[in-house]
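Below you'll find the structure, written out as structure tokens, and then a few comments.
The values are calculated or read from the model by the stated rules, or taken from the named source; none is laboratory data. Small disclaimer: the values here were computed from a predicted structure and weren't measured. Here the Cβ positions follow ideal geometry from the backbone for every residue, glycine too, while neighbour counts run over all protein chains shown.
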Amino acid sequence: MSDYTERWRPPAWWWLLGLGLSVGAAAELHAGADGWRAVLPYLLLPPLALGALLHLTRQEVRVENGQLHVPGARAPLSAFGPPQVLDKKALQQWRGPRAHRDAWVRVRPWFRGAVLLPMTDPDDDTPYWLIGSRRPEQLAAALT
């Protein structure tokens, strides 16, 4: 059993926007064509857009058995210093002017908070991990 699990689901309005934009793009590609060229954009673009959003829902952050699992990486909790909870404004700073080029950043555009984990492992050149979350306080609590 994990100490913390959070699926990275896009907000509901992203699904509506993705579907609307893909249908609009299909209409532009259709543009009065006849036959299979009229139907093909509608058969391809909306499922591709929804498939891309569905792929985003498969990603999650987990704290389990003393390990932090994020999409693309995992590390023991002992490799990190104390977590710092970031609000929306602080997250913008750490993704922009305060960002370090060697940092490990996993944040989605819809996140309004994150957890900053300073790296204490001397064998790792990464200065910190920046992990986006909808519940950064709960994630930070699971990391301590």
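Anything in region 109-130 that is closer than 22 Å to ARG9 by Cβ, buried (at least 17 other Cβ atoms within 10 Å of the Cβ) and in contact with a Pro (Cβ under 9 Å, 6 or more places away or on another chain)? List them, or say none. Passing the criteria: PHE111, GLY113, ALA114, VAL115, TRP129.
Checked against the criterion of being on the phi > 0 side of the Ramachandran plot, of a type outside the set (Ser, Thr, Tyr) and not assigned by TED's automatic domain parsing to the domain that holds ALA114, region 34-46 has at least one qualifying residue.
Do you know which residues across region 65-88 are surrounded by 15 or more Cβ atoms within 10 Å (Cβ to Cβ), over 17 Å from PRO109 (Cβ atoms) and either assigned by TED's automatic domain parsing to the domain that holds GLY24 or in contact (Cβ under 8 Å) with a residue 40 or more places away in the chain (or both)?
LEU68, ALA75, LEU77, ALA79, PHE80, PRO83, GLN84, VAL85
Among LEU53, LEU91, LEU17, LEU21, which is the only one that is surrounded by 11 or more Cβ atoms within 10 Å (Cβ to Cβ), more than 19 Å from the chain's Cα centre (by Cα) and assigned to a helix (DSSP H, G or I)?
So the residue among LEU53, LEU91, LEU17, LEU21 that is surrounded by 11 or more Cβ atoms within 10 Å (Cβ to Cβ), more than 19 Å from the chain's Cα centre (by Cα) and assigned to a helix (DSSP H, G or I) is LEU21.
Counting just the residues of region 94-115 that are among the hydrophobic types (A, V, I, L, M, F, W, C) and closer than 13 Å to ARG134 by Cβ, which one comes out nearest to the chain's Cα centre (by Cα)?
Filtering region 94-115 down to residues among the hydrophobic types (A, V, I, L, M, F, W, C) leaves 94, 99, 103-105, 107, 110-111, 114-115.
Retained after the next criterion (residues that are closer than 13 Å to ARG134 by Cβ): 107, 110-111, 114-115.
On the way: VAL107: 5, TRP110: 8, PHE111: 8, ALA114: 11, VAL115: 13 Å.
So the residue we want is VAL107.
A residue that is farther than 16 Å from TYR128 by Cα and outside any strand (DSSP E or B) occurs somewhere in region 75-87.
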